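Q: After the structure tokens below, expect a handful of questions from me.
Values in this text are rule-based calculations from the coordinates and carry no lab data. None of the values given here were measured: they were computed from a predicted structure. Positions of Cβ are backbone-derived with ideal geometry, glycine not excepted, and every protein chain shown enters the neighbour counts.
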Amino acid sequence: MLSARFRQRLCGITRFILFKRATAACVRDRQWHPRQPLEQGKPGELRMFLRVADTRELLDSILSFASGVRVLRPESLREKVLGEAAKIIERN
């Protein structure tokens with residue numbers, strides 16, 4: 001039997017991401033994994049629930065939506081996004 005910690009590393013942690021009105025249509029039209037549900041939020045907003053590993057690719061994808069995205073959970077991913085945004089501000 002696999003330990004909970006090992007299963008978590010394999011499957012990742014559920015990430016909750018909110019796309020604002022400006023990016024929601026683009027996200028809805030994009031080809032995502034069939035099992036990654038999208039849920040309508042407030043008018044015009046879209047929520048995505050991802051169960052993936054915490055990778056640089058995920059971070060880059062989130063950052064590609066700039067101010068049109070917000071990481072709701074987990075806090076560790078949110079902090080990484082904020083850290084990268086701070087580096088961008090610092091360098092420009």
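Q: Quick one: which residues, 5 or more positions from Gly41 or on another chain, have an amide H under 5 Å from its amide H? H modelled 1.01 Å from N in the peptide plane, none for Pro or chain starts.
A: Those lying under 5 Å, H to H, from Gly41 are Leu46, Arg47.
Q: Under the Karplus relation 6.51 cos²θ - 1.76 cosθ + 1.60, θ = phi - 60°, what is the ordered set of whole-Hz ³J(HN,Hα) values for the range 39-47, x standing for Gly and Pro?
A: Those phi angles translate into 10, 5, x, 4, x, x, 8, 9, 10 Hz.
Q: Can you return the lysines within cross-link range of Lys42? Criterion is Cα-Cα under 21 Å, with same-chain partners fewer than 8 residues away left out.
A: Lys20
Q: Also, I was wondering about something else. For the peptides 75-82, 46-53, what is the packing order when you average, over each peptide's residues, the other Cβ atoms within 10 Å and list the highest mean first?
A: 46-53, 75-82
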